1. Would region 34-47 turn up any residue that is away from the ligand (no atom under 12 Å from the Cβ) and assigned to a loop (DSSP other than H, G, I, E, B)?
2. Could you check how many residues of region 68-86 are open to solvent by less than 50 Å² (accessible area, probe 1.4 Å) and without any contact (Cβ under 8 Å) to a residue 24 or more places away in the chain?
3. Looking at PRO107 and the list (1) open to solvent by 50 Å² or more (accessible area, probe 1.4 Å); (2) closer than 19 Å to LYS17 by Cβ; (3) more than 14 Å from the chain's Cα centre (by Cα), which single condition is not satisfied?
4. For region 87-140, enumerate the residues that are among the acidic types (Asp, Glu) and either in contact (Cβ under 8 Å) with a residue 24 or more places away in the chain or in contact with a strand residue (DSSP E or B) (Cβ under 8 Å, 6 or more places away or on another chain) (or both).
5. I want to confirm something. Restricting to region 151-188 and keeping residues that are away from the ligand (no atom under 12 Å from the Cβ) and outside any helix (DSSP H, G or I), which single residue is surrounded by the fewest Cβ atoms within 10 Å (Cβ to Cβ)?
6. Could you count how many residues in region 115-150 are open to solvent by 20 Å² or more (accessible area, probe 1.4 Å), assigned to a helix (DSSP H, G or I) and near the ligand (Cβ under 10 Å from one of its atoms)?
7. Quickly run through region 48-92 and pick out the residues that are part of a loop (DSSP other than H, G, I, E, B) and of a type in the set (D, E, K, R).
Amino acid sequence: MEHYYAVAIDGPSGAGKSTLARALAKELGFVYVDTGAIYRSVGYFARQRGVDPADEAAVEALLPEIRLEMLYGEDGLQHMILNGQDVTREIRLPEISLYASRVSAIPAVRAFLLEMQRGMARTHSVIMDGRDIGTVVLPQADVKLFLTASAEDRARRRFLELEERGTPEPYEKLLEEMRERDRNDTSRAAAPLRAAEDAVVLDTTGNTFQQSFDLLLRTIKEKL
Ligand code: DC
């Protein structure tokens with residue numbers, strides 16, 4: 001049987017996980033799996049239905065109505081298909097972030113999405129990024145990385161990203177949201193954000209993209 005490699009990258013939002021994972025996947029010829037996108041899709045659906053994302057029973061009741069697919073385009077980019085509709089762009093809207101964070105605290109939501117993530121790793125070599133990939137989703141991953149940076153640095157990156165996208169938001173607001181999401185993601189009982197015991201912890205505060213990329217690539221190659 002062919003062996004597929006799995007690289008897990010966890011860490012708080014804005015640490016640069018997705019940009020780095022995408023570039024690393026390209027370099028290594030692996031599939032980049034963005035697991036935040038599936039939580040975002042569930043959050044998006046809750047919002048569409050006018051359901052309070054913190055209402056556990058109400059969100060759980062929505063799950064049987066959700067059919068989620070991950071497709072990879074010619075460009076190698078991951079597309080999220082929610083009940084037949086491509087929601088790849090919509091789930092990036094800033095208001096979806098908090099919805100995603102809220103629904104991701106619900107154990108039934110996490111259980112609902114688990115098999116989908118594991119299935120990807122059974123059929124492809126993957127770089128998967130998220131919050132609990134090294135701890136819960138792929139505990140047997142060949143390489144586990146935990147990426148961090150200061151909240152200020154992460155808010156600054158988000159600020160530049162949104163500005164570039166033409167949808168600027170005040171820095172102070174982004175910093176407060178970053179802290180709120182950190183609190184939600186680390187304090188929840190179900191699969192909280194934490195580094196796996198065997199993860200390599202890398203702090204990218206102050207790094208350029210290239211510096212972080214080189215550091216991660218070196219770390220992955222040493223381990224594989
Ligand atoms: O990575 P992201 O910001 O797109 O993720 C959106 C939310 O989904 C984030 O606040 C936490 C949650 N999430 C999670 O709980 N577990 C994952 N593996 C990925 C994301």
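The values are calculated or read from the model by the stated rules, or taken from the named source; none is laboratory data. Not measured: the values here are computed from a predicted model. Don't worry about glycine lacking a Cβ; one is built from the backbone with ideal geometry, like all the others, and counts go over all protein chains shown. We work out accessible area using only protein heavy atoms, side chains counted, and drop any ligands, DNA or RNA first. Shrake-Rupley method; radii C 1.70, N 1.55, O 1.52, S 1.80 Å.
1. No; the residues of region 34-47 include none that is away from the ligand (no atom under 12 Å from the Cβ) and assigned to a loop (DSSP other than H, G, I, E, B).
2. So the answer is 2.
3. (2)
4. GLU90, GLU95, ASP129, ASP132, listed by residue number.
5. Out of the qualifying residues, it is GLY166.
6. Residues flagged as open to solvent by 20 Å² or more (accessible area, probe 1.4 Å), assigned to a helix (DSSP H, G or I) and near the ligand (Cβ under 10 Å from one of its atoms) within region 115-150 amount to 2.
7. Those that are part of a loop (DSSP other than H, G, I, E, B) and of a type in the set (D, E, K, R): ARG49, ASP52, ASP55, ARG67, GLU74, ASP75, ARG89.
Listed here are the residues, each with its yes/no results for (1) under 24 Å from LEU114 (Cβ atoms); (2) within 16 Å of the chain's Cα centre (by Cα).
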site	(1), (2)
MET178	no, yes
ALA191	yes, yes
ASN207	no, no
THR219	no, no
